[in-house]
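Notes follow the structure.
The values are calculated or read from the model by the stated rules, or taken from the named source; none is laboratory data. No experiment lies behind these values; they were computed from the predicted model shown. All Cβ positions, even for glycine, are placed from backbone atoms using ideal geometry, and neighbour counts span all protein chains on display. All accessible areas refer to the heavy atoms of the entire protein, side chains included, with ligands and DNA or RNA removed. Shrake-Rupley method; radii C 1.70, N 1.55, O 1.52, S 1.80 Å.
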Amino acid sequence: MSGFAACDLRDAGHVVVFTGAGVSAESGIPTFRDALTGLWARYDPAALATAEAFERDPALVWGWYEWRRAKVLSAAPNAAHQAIAELAQRVPKLTVVTQNVDDLHERAGSQDVLHLHGSLHASRCFDCAQPHELPLLVPEHPEAGQRIEPPLCRHCHGMVRPGVVWFGESLPELAWERALEAARSCDLLLSVGTSGLVQPAAEIPRIALRHGAQVVHINLQPEPVNGIREYTLAGRAAQVLPTLLAQVSGQ
Ligand code: APR
């Protein structure tokens, strides 16, 4: 971590916080690539997160997303989400760009979060794309691996699908454009809890670096960093971010 100091964060005019599943791990939400536990262990998440999988077996895919939505509904933001929300009060401008489909950033108080991969809470009709409001109570905590028939659209009776971006689908245009703009114009980008495997989202930290920002990777294990202005902070997000915030606040 030599080189990066909290004063860089304190003096930054525009900070981007780019998050992946690791920021929600300490809220009890399994990360995308953790070996899926229980009945999901036999499935490859990437094979479930596709339109083809949904068309082939809608009840299986819908059941998986309802299992994840139930986990999110019963989870609470952790200290990392809270520190990110708090940091927005400490710097002139802060943009949160997330790959996560949960709403834990919003529930911690972050505003105007850019969701590059959609949201579990934004279901829509697979056929006519009409939004479909879901009950805030998932059928009693579906078991991992439980198949659940998707609801039908109230307008065209097509199947309702999760409001997430599946492999092979394009990212929401406005969120992507705004994320690119933030990456190009920020002074410092914190990349928190992401494996950086999935394009094009994984480009965001690299774009910030190319445009002259400092980039700090916060992950359980040190990230390989090259070149100047790139740093790694190894540790749990719920521990590292509050520590950074305390340093920025001069505590
Ligand atoms: N603190 C910090 N980092 C953590 C923590 C933690 N407590 N727990 C796990 N991590 C790190 C892991 O080391 C890993 O690098 O979080 C990362 C999670 O990686 P993935 O599971 O690949 O999740 P993510 O990077 O968000 O995946 C990106 O892939 O499949 C798509 O749409 C899916 O949005 C997802 C995207």
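Could you grab the relative contact order for segment 145-211? Cα pairs under 8 Å, six or more apart, rounded to a whole percent.
25
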D11 label point, 7 Å along Cα→Cβ, cut-off 17 Å on backbone N: hits in segment 192-221? 212-216
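Give me the percent of the accessible area of segment 8-115 that comes from carbon and sulfur atoms, probe 1.4 Å, all protein chains in place.
After summing per-atom areas, the C and S share lands at 49 percent.
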Nearest 5 percent is fine: what portion of the DSSP beta bridges confined to segment 1-133 is antiparallel? 10
Give the carbon-plus-sulfur fraction of the accessible surface of segment 152-251 in %, rounded to a whole number; probe 1.4 Å, heavy atoms of protein chains only. 55
Evaluate the relative contact order of segment 51-162 (contact order divided by residue number), counting alpha-carbon pairs under 8 angstrom at least 6 apart; express in whole percent. 34
Using a 1.4 Å probe on the protein heavy atoms only, what accessible surface does S170 show? Give it in Å² to the nearest 10. 100
Mean Cα-pair separation over length for the chain, i.e. relative contact order, pairs under 8 Å, 6 or more apart, %: 26
Please determine, in degrees from 0 to 90 and to the nearest 10, the orientation of helix 58-73 with respect to the longest principal axis defined by the Cα atoms of the chain, where the helix direction is its Cα long axis. 40
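Rounded to the nearest 0.05, what FRET efficiency is calculated for C128 and A76 with R0 set to 22 Å and r the Cβ-Cβ distance?
0.05
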When every protein chain stays in place and a 1.4 Å probe is rolled, E143, E173, E26 sorted by accessible area with the largest first are E173, E143, E26
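What are the chymotrypsin sites (Phe, Trp or Tyr not before Pro) within segment 127-210 that DSSP puts in a loop, where the Cβ has at most 16 other Cβ atoms within 10 Å?
F167
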Tell me, what is the per residue accessible area of the chain in Å², probe radius 1.4 Å? 46
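Full-extension gain between L197 and L180, please, as 0.36 nm times their residue separation minus the C-alpha to C-alpha distance.
Difference between extended and current length: 4.4 nm.
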If one takes the longest principal axis of the Cα atoms in the chain, at what angle in degrees, from 0 to 90 and to the nearest 10, does the Cα axis of helix 173-185 lie? 10
Between R107 and A51, take the C-beta separation as r, use R0 = 30 Å, and let me know the FRET efficiency to the nearest 0.05. 0.55
Can you tell me the orientation of helix 237-248 relative to the chain, as the angle in degrees between its alpha-carbon axis and the longest Cα principal axis, to the nearest 10? 30
Quick one: length gained pulling Q221 to E173 fully straight, 0.36 nm per residue minus the C-alpha distance? 14.1 nm
Subtracting the Cα-Cα distance of D44 and L60 from 0.36 nm times their residue separation yields 4.5 nm
Quick check on the chain: of the DSSP beta bridges with both residues there, what percent are antiparallel, nearest 5%? 20
Distance in nm between label sites at Q89 and Q239, each 7 Å beyond Cα in the beta-carbon direction? 2.6
